[in-house]
Amino acid sequence: MLVGAGQFVDDIPLPGTLHAGFLRSSHGHAVIKRFDADIAKSMPGVVAVYHFADIRPFLSEERLVVALPSKAFRQQVDRPVLAIDEVVYVGEPVAVVIAESRQQAEDALASVEIEYEPLEAVVDCVAAVSPGSPTVHRGAPHNVVAKLDLTFGHVDEAFAQASHVYSDRFHQSRGGSHSIECRGVLAAHDPAQDVLTVWSSTQTPHAAMRLLAHMLGREDKTVRVIAPDVGGGFGPKLVFYSEELVVALAAVLLRRPVKWVEDRREHFVSTTQERDQVWNLEIAVDSEGAIRGVRGSMIHDHGAYTARGINVAFEAMQTLTMPYNVPACSLKVTLALTNKVPVTPVRGAGQPQGVFAMERLLDRVAAGLRLDRADVRKRNLVRREQMPCSKPFKTRAGVPVVIDSGDFLACQDKALALAGWSDFSRRQSEARASGRYLGIGLANFVELTGRGPFEPATVRITSSGKIHVLSSAAAMGQSTKTMLAQIVSAQLGGDIANIIVTTGDSATSTIGFGGFGSRQTVTAGSSAHVAATKVREKALAVAGHLLEAAPCDLDITGQYVHLKGAAELKVGLGEIARASLGVAGAYLPAGLPPGMEASEAFVVNEMAYSNGTAVAIVEVDVETGGVKILDYVMAHDCGQVINPAIVDGQVAGGIVHGIGNALLERMHFDASAQPLTTTLAEYLLPTSMDIPGIRIVHHCSPSPLNPLGVKGVGESGVLPTAAAIIGAVENALSEFGVQISCAPIAPSDIVELIRRQPQRPHA
C-alpha cells in the first residue's frame, strides 16, 4: 500500500534552511579566465557566493581523491571540489550560490560573470587514445587513464589450431541511472556539540562521513551522515560528490542549515554515468562449436575524471568469459579520458557490457556453424560438477575468482522450456506467413555479488520487548529493512512487526561500506543472522533462569519465550531484557554478560556468484523499425531465497533497466562535448507500454560462503537483457541478413540496417 509517508532529503524540514544552487560549466573544455560574483552577492535573498578560492582555506585537500585506487592508473585525475582554473565537461561545478530560497539562488546564478577560453574537446573514446588527439586536461601527457590485461592459456595456439574463427566489433552507448529521486543533500551544524549532521541521498553514508571528516579536518565522531529514504540508487549515488562537501561546509560557515536538491537537467550533466565501450573481438571454436579461445581489445570511456576507480571496465572484462569454459583468452583494455561526465557504475558496473559482447559473439558462432544458439551455449557452459569452479584470474581486490555454486545448464533448460524455445521456429514461420516478423534470443550470465569484507549489524532486545536492528547497510528502495527484519525475526519470535530496523546512519557504527554491488543480503544479512542467533541463545539462557527450565526446552514465539508444549509457561522479551541488566550488588542471571544484544561483522572475502538465463521474444515492424517485446523469461539462481517477492521485484526491476539499455537509453553529445539529451523528452526511459509480462523461475544453488546460503540479486536482471533482446531482434530480421552489434538499437537504426541489405524477402 502506498501511503506517501516516505521522507526523502527534500522532505526534511529544518527551521531557517538556506538553499544552494550550483553554477556549472557550459563548456566541454575551457580555461576559466575571469570570475566575478559581485552582482550576484547583492541580489535579494543571497547570503553567500563561493568559488574555489573562497573555500580552499577550509579544506584539507583541493580534490576528492579516488575511492578505489589501482596500480593500473597511468595518471591521477581526481575531481576538484570546485573547478580551479579549467573545466573539462559540461556540468562541472564551478561555484555555489547560497540564498534564502532555491529560486533566489538560481536567479543569482544567472548574474555571475564568468569568462571562458574554449579549448578543443575530446568526445569519442576511440579517438581519445589515437595518436595526435588533443588532451582532455591541459598539460596532460595523454588521455589514457589505465590499461588492463586479461590473459590466460595459450591464445595463439588456440587460434592457430581452431577450425573456425569469428569476429565482430561491438559498441554499447553511454547511459545514466535516472532514479526517481535525483541527488540531494541537507547539512546542519550544531555548535553546542560541534556535530555536523548531513542528510544525503547516498548509498554509502559511512564512506561519506569519513570523507567529509577528512576534507573538513574534523574527527569522525563529529560528523554524522544519514541516508533517509532514497528514491533509487543504481550506482551513481555510491559516489561522493562535490555538492555534498560544499553544502556541508556552507552550513558550518553560515551557521544555518543548507539544502541542495538536484533537478533533472542537473542529473543529466552532473551525476556520473556509464559506458561507452567499443569491443573488437575474435572467437576460435572447433567444428562442434566448442570454444578454444577469445582475444581482442576494448576501449572504455572513463569520462573527464576518476570518480570511483577502474571497476566498470574491469568487471566488463572479467564478465566476458565467466559462464563458459574458455581455455585461452587475451583481452587488452584501455580506459580513455573524454570531456564528458565521469563514468562510474550504473546497475551492473560493466557486467552487462561483458555479457553483451560474449553472447553476441556466441550468436556469431551459431550462425557461422548453422547450429542452434542454445546448443552452442550448452556445449560451453560451466557444468554443475565443476563447482566450485576456479577461474584463471582474480578480482580487482586480488582474490581468486571461484564460482561458489550453480547449475548453469539447469537454468538454461528452465528458461528455454518456459519460453517454448523448441517450438518457436513453428510459431515464427506461422507469424511470417501472415506478414509478422518474430524473433527469439537468449543470454546467459554470471553476476559477482556479495562483495565483502563485511557490513556490521547490532541486534538488541529492549526493555519494552521490541527488537532493534542497527545496520550500516543502506536502503535504496530494495527492501533492505524488510530483509533484515525477516532474517532477525526467524531467530527471535517470527514477528516482523516487533522489529525496528535502522539503516543508513553512520551513528549506528563506526565502520561500514553501504549498498552497492548486490552485496547487502550476503554481508549485512549474514551479520544480522549471526548477531540474532547470539541474542537468541542469550535470551533462552536468561529465560531459563527465570522459568527454572533448561534453555533447550524453550522456544520464542512473538514477544515471549515459553516452554515447548506449554505456551502458558512464558516470560516476555522485555522482562528478559530488563533481567539481563542485573541488579546492583547481585549476580547477573545465568552468569552472562549484561545486556540483551550482540554485534557482529561477518567477514566474507570471496564473492558469491549468481547466475541465470534470459530468453526474449520480440516482434519487429520492418517498416518503422519498432520493436515490441512479446515475452520475457528469466531463470535465476541467487542461492537461498529469503523473500520471494523482494527477489522477483529486484529481478524484474533490473530487466526493465535492461530494456532501456537495449532499445531506448542513449546519451548524445555534439563535437564540442555538449550533451544533446538533457531532458526525459530526448532521453527515453521504458514506460509501462514497453514492458512485457515478465516470467521468472528460480533455481536454488545455496552458497557455501555464508550462513544463509544467499547470493546477491540487485543487478541480475539487467545483465543479460540487452543481449537477449538484441539477439531476438536480429533473429526476427534473419531473412534480411541483418547483424546488430550495438546497444541500444533505435527504430531508425533498424530501418537503416534493413535498407542496406541487397535483397528483401517476399511478403
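The values are calculated or read from the model by the stated rules, or taken from the named source; none is laboratory data. If you're wondering where the values come from, they're calculated on a predicted model, not measured in any experiment. Positions of Cβ are generated from backbone atoms using ideal geometry, with glycine treated the same way; all protein chains shown enter the neighbour counts.
Overview of results
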| read-out | value |
| --- | --- |
| Strands (runs of 3 or more DSSP E) within the range 8-90 that include 1 or more residues exposed (fewer than 14 other Cβ atoms within 10 Å of the Cβ) | 30-36 |
| Hits in the range 554-567 - residues which are surrounded by 15 or more Cβ atoms within 10 Å (Cβ to Cβ) and outside any strand (DSSP E or B) | 558, 559 |
| Residue 744 vs. criteria closer than 23 Å to residue 353 by Cβ, buried (at least 17 other Cβ atoms within 10 Å of the Cβ), touching a Phe, Trp or Tyr at 6+ places or on another chain (Cβ under 9 Å) and modelled with pLDDT of 95 or more | no |
| Candidates 295, 218 - the one that is basic (Lys, Arg), surrounded by fewer than 24 Cβ atoms within 10 Å (Cβ to Cβ) and in a loop (DSSP other than H, G, I, E, B) | 218 |
| Pair list, Cβ under 6 Å, 6 or more apart: the range 399-416 residue buried (at least 22 other Cβ atoms within 10 Å of the Cβ), other residue of a type in the set (Asp, Glu) | 406/637; 411/637 |
| Residue satisfying condition, being outside any strand (DSSP E or B) and surrounded by 16 or more Cβ atoms within 10 Å (Cβ to Cβ), within set 696, 646, 617 | 646 |
| Residue in the range 364-385 that is farthest from the chain's Cα centre (by Cα), counting only those that are without any contact (Cβ under 8 Å) to a residue 12 or more places away in the chain and surrounded by fewer than 16 Cβ atoms within 10 Å (Cβ to Cβ) | 370 |
| Failed condition for residue 136, given (1) farther than 30 Å from residue 276 by Cβ; (2) part of a loop (DSSP other than H, G, I, E, B); (3) of a type outside the set (Phe, Trp, Tyr) | (1) |
| Answer from 61, 92, 100, 115 - the residue that is closer than 16 Å to residue 307 by Cβ, over 24 Å from the mean Cα position of the chain (by Cα) and of a type outside the set (S, T, N, Q) | 61 |
| Residue within the range 156-178 that is closer than 30 Å to residue 470 by Cα and part of a loop (DSSP other than H, G, I, E, B) present | yes |
| Number of positions in the range 667-693 that are surrounded by 22 or more Cβ atoms within 10 Å (Cβ to Cβ) and charged (D, E, K, R) | 0 |
| From the options 642, 629, residue that is in contact with a strand residue (DSSP E or B) (Cβ under 9 Å, 6 or more places away or on another chain), over 21 Å from residue 478 (Cα atoms) and not acidic (Asp, Glu) | 629 |
| Count of the range 221-243 residues which are in contact with an Asp or Glu (Cβ under 6 Å, 6 or more places away or on another chain) and in a helix (DSSP H, G or I) | 1 |
| Condition check for residue 4: assigned to a loop (DSSP other than H, G, I, E, B) and closer than 28 Å to residue 230 by Cβ | yes |
| Odd one out for residue 203 among (1) touching a Phe, Trp or Tyr at 6+ places or on another chain (Cβ under 8 Å); (2) surrounded by fewer than 22 Cβ atoms within 10 Å (Cβ to Cβ); (3) in a loop (DSSP other than H, G, I, E, B) | (2) |
| Subset of the range 671-713 (residues that are without any contact (Cβ under 8 Å) to a residue 40 or more places away in the chain and touching a Leu at 6+ places or on another chain (Cβ under 8 Å)) | 682, 684, 686 |
| Qualifying residues in the range 486-512 (those that are among the polar types (S, T, N, Q) and under 30 Å from the mean Cα position of the chain (by Cα)) - the one modelled with the lowest pLDDT | 510 |
| Hey, residue 474 buried (at least 24 other Cβ atoms within 10 Å of the Cβ), in contact with a Pro (Cβ under 9 Å, 6 or more places away or on another chain) and not assigned by TED's automatic domain parsing to the domain that holds residue 577 or not | no |
| Subset tally (residues that are more than 18 Å from the chain's Cα centre (by Cα) and part of a helix (DSSP H, G or I)) for the range 650-687 | 1 |
| Residue count for the range 456-506, restricted to those that are assigned to a loop (DSSP other than H, G, I, E, B) and of a type outside the set (Asp, Glu) | 21 |
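This table checks each residue for (1) at pLDDT below 95; (2) touching a helix residue (DSSP H, G or I) at 6+ places or on another chain (Cβ under 9 Å).
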site	(1), (2)
514	yes, yes
517	yes, yes
525	no, yes
529	no, yes
536	no, no
552	no, yes
